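**Q** Input: one structure, supplied below.
The values are calculated or read from the model by the stated rules, or taken from the named source; none is laboratory data. This is a predicted model, so every value here is computed, not measured. No Cβ is skipped: glycine too gets one built from the backbone with ideal geometry, and neighbour counts run over all protein chains shown. Quick note on the areas: whole protein, heavy atoms, side chains included, nothing else; ligands and nucleic acids left out. Shrake-Rupley method; radii C 1.70, N 1.55, O 1.52, S 1.80 Å.
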Amino acid sequence: MSSFSNPKKVMIPCRFSFLHCWEPDSVNGSEPKYSVTLLIPKSDTATKADLDASIQAAAREAISKVWNGTKPPALRFPIHDGDGVRQSGDPYGPECKGHWVLTASTKRPPQVVGIDNIRCQLAPQDIYSGMYGRVTLRFFGYSASGNRGIGCGLGNVLKTRDGEPLGGGQATAEYDFAGIGRAPAAEI
């Protein structure tokens, strides 16, 4: 759902996994960054088309600005098939089945808001891996350490609804006991 004047920027609906919006995370000793892995259902062809268009716009720009006028033959892309395997050869987790998997990161903390009030930052306990929402992304070309490809920058995060927590984290009491809602005085 791209409505931005920048063709490399897009807003997409997704489910969040490996959500690091409050504390930057370091992977294998790399510079710590705020990041999130996005799960996009393969059935959502409109979102996939928006992602592909933004990635292609970033690649076109990178040919002249990053890759010295030539598109690299072995270009790395940020979207992966959740039904396949990771670069390491390990399979993706069960939550990735039937989804496109994309990781976005940033050096600055993103704003994380809820659909009921986009002017107010959510508290850390209100966001978790497994919730659903929308995210803004910006794609860019890179050339570093012999690797060339398209990277994905994380913009802002919007929580639209709860979901089953992922990653073995402890569920909130509100999630575990949803629908019970009896008044404490009624129990004896």
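**Q** Working from Cα positions, state the angle (0 to 90°, nearest 10) between the long axis of helix 45-65 and the longest principal axis of the chain.
**A** Helix 45-65 sits roughly 40 degrees off the main axis of the chain.
**Q** What full-extension length gain, to one decimal in nm, is calculated for T45 and F177 as 0.36 nm per residue of separation minus the Cα-Cα distance? Let's see the in-between values first.
**A** Values: separation 132, 0.36 × 132 = 47.52 nm, distance 3.51 nm.
Using 0.36 nm per residue and subtracting the Cα-Cα distance, I get 44.0 nm.
**Q** I'd like the distance separating the alpha-carbon centroids of the range 7-78 and the range 122-145, in whole Å.
**A** 10 Å
**Q** Could you tell me which of Q87, G167, C21 has its Cα farthest along the dipole of the chain towards the positive end, charges placed at Cβ (Lys, Arg +1; Asp, Glu -1), taken about the Cα centre?
**A** The one lying farthest along the dipole's positive direction is Q87.
**Q** Let's see if you can work this out: charge +1 on each Lys and Arg Cβ, -1 on each Asp and Glu Cβ, no other charges. What is the dipole magnitude of the range 111-171 about its Cα centre, in debye to the nearest 20? Each step should come with its number before you reach the end.
**A** Working: 6 positive and 4 negative charges, 65 e Å.
Result for the range 111-171 is approximately 320 debye, rounded to the nearest 20.
**Q** Right, next: Would any residue of the range 23-51 have its amide N under 19 Å from a label point 7 Å out along Cα→Cβ of S145? List them or say none.
**A** Residues passing the 19 Å test: 25-36.
**Q** If you don't mind, another one. How many times 2.2 N^0.38 Å is the alpha carbon radius of gyration of the range 47-108? Show your work: numbers first, answer last.
**A** On the way: Rg = 14.1 Å, N = 62, 2.2 N^0.38 = 10.6 Å.
Normalised by 2.2 N^0.38 Å, the Cα Rg of the range 47-108 equals 1.34.
**Q** By per-residue mean of other Cβ atoms within 10 Å, what is the highest-first order of 150-158, 37-45, 62-70? Numbers along the way, then the final one.
**A** Details: 150-158: 19.8, 37-45: 17.3, 62-70: 13.1.
Packing proxy ranking, top to bottom: 150-158, 37-45, 62-70.
**Q** In debye, nearest 20, what is the charge dipole magnitude of the chain about its Cα centre with +1 on Lys and Arg Cβ and -1 on Asp and Glu Cβ, if you could check? Could you put the intermediate results ahead of the total?
**A** On the way: 21 positive and 18 negative charges, 206 e Å.
Value, rounded to 20: 980 debye.
**Q** Related question: Within the accessible area of the chain, what % is carbon and sulfur when the probe is 1.4 Å and the other protein chains stay in place? Walk me through the numbers before you get to the answer.
**A** Details: 5740 of 11240 Å².
Ligands and nucleic acids excluded, carbon and sulfur give 51 percent.
**Q** Also, quick follow-up: Calculate one ³J(HN,Hα) per residue across the range 107-124 by plugging θ = phi - 60° into the Karplus curve 6.51 cos²θ - 1.76 cosθ + 1.60, and present them in order as whole Hz with x for glycine and proline.
**A** For the range 107-124, the Karplus curve yields 7, 9, x, x, 7, 10, 10, x, 5, 7, 7, 6, 9, 10, 4, 6, 6, x Hz.
**Q** Is the shape of the range 1-102 rounded, prolate or oblate, going by the alpha carbon gyration tensor and its root eigenvalues a ≥ b ≥ c, with a/c under 1.5 for rounded and a/b larger than b/c for prolate? Mind dumping the intermediate values first?
**A** On the way: a/c = 1.44, a/b = 1.24, b/c = 1.15.
Rounded.
**Q** In whole Hz and in residue order, list the ³J(HN,Hα) couplings for the range 19-33 that follow from phi through the Karplus curve 6.51 cos²θ - 1.76 cosθ + 1.60, θ = phi - 60°; x for Gly and Pro.
**A** Each residue's phi maps through the Karplus curve to give 8, 10, 9, 9, 10, x, 10, 10, 9, 6, x, 6, 4, x, 9 Hz.
**Q** Would you mind getting the accessible area per residue of the chain, heavy atoms of the protein chains only, 1.4 Å probe, in Å²?
**A** Value returned for the chain: 60 Å² of accessible area per residue.
**Q** On a full-extension model of 0.36 nm per residue, what is the gain between D126 and S5, subtracting their alpha-carbon distance, rounded to one decimal in nm? Numbers along the way, then the final one.
**A** Values: separation 121, 0.36 × 121 = 43.56 nm, distance 3.13 nm.
Contour length minus Cα-Cα distance gives 40.4 nm.
**Q** Would you mind getting me the FRET efficiency between R108 and I63? Use the beta-carbon distance for r and R0 = 22 Å, nearest 0.05.
**A** On the way: r = 27 Å, r/R0 = 1.25.
Efficiency at R0 = 22 Å is approximately 0.20.
**Q** Between S30 and T70, what is the label-point separation in nm under the 7 Å Cα-to-beta-carbon projection?
**A** It is 2.6 nm.
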